[in-house]
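Colleague: Please see the structure below; I have some questions.
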Amino acid sequence: MLSVIASPLVVLLLLLSVPAPAAPPSDGAAEVEGLPLWPVPGSDGGRRPAVDRAYDPPPAPWQAGHRGVDLLTDAGAPVRAAGPGRVTFAGQVAGRGVVTVELDGSGAPPVRITHEPLSVAVTTGDRVAAGALLGTLAAGPGHCAAPCLHWGATRDGAYLDPLTLLRPDLLRAGPSRLLPTTGVPLPEG
């Protein structure tokens, strides 16, 4: 009888003594401390833009996919550095303004963030702080139905989901709000 009672305790002690599983391999984004800012304001003027199209990596590097996220905002909206770093490219690619920022403290090789289409306000080699103006969102036509910033991230040529680089509190929609219960019928039962 005693062995039956003690067996759950023994099982619990054995489970507690088993080492924790190793952390899953990093996709490279986890090494970056959370970026403190969104690169653009929301089209409603809020601090959080809506994601028009999410990151959708291709199954193979040569196949179709979406190698970044599209953030809805207004044409002419300021585009800011989401974190500190160095501008490694500022210019035109296929007729569109592009700015790439290599993030400080993002490991080796570093993470690079791309922003397009912009009216570029920085030059290659500039050091930028989080929140520094990189340019303004260029007017369309773009690849979104509404004005949007294509925001991408790479490390050593591999694409990353840039949203994984943001601080978790920036991804939450906001605090919960309680609604009034006046006039709400009670359930029957």
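Colleague: Starting from the Cα-Cα distance between residue 127 and residue 171, subtract it from 0.36 nm times their residue separation and give me the gain in nm to one decimal.
Modeller: Length gained between residue 127 and residue 171: 13.2 nm.
Colleague: Multiply the residue separation of residue 94 and residue 158 by 0.36 nm, subtract the distance between their alpha-carbon atoms, and state the gained length in nm to one decimal.
Modeller: In short, 20.9 nm is gained.
Colleague: Also: Give, as a single signed number, the net charge of other residues whose beta carbon lies under 10 Å from the beta carbon of residue 99, with Lys and Arg counted +1 and Asp and Glu -1.
Modeller: -2
Colleague: Rg and Dmax of the range 50-171, Cα atoms, in Å?
Modeller: In Å, with Rg to one decimal and Dmax whole: 13.6, 37.
Colleague: Would you mind calculating the gained length between residue 182 and residue 63 on full extension (0.36 nm times residue separation, minus the Cα-Cα distance), in nm to one decimal?
Modeller: Length difference between fully extended and current span is 37.3 nm.
Taken together, the values in this text are just the output of simple stated rules run on the coordinates, not laboratory data. All values reported here derive from a predicted model rather than from experimental measurement. For neighbour counting, all protein chains shown are included, and Cβ atoms are generated from backbone atoms with ideal geometry for every residue, glycine included.
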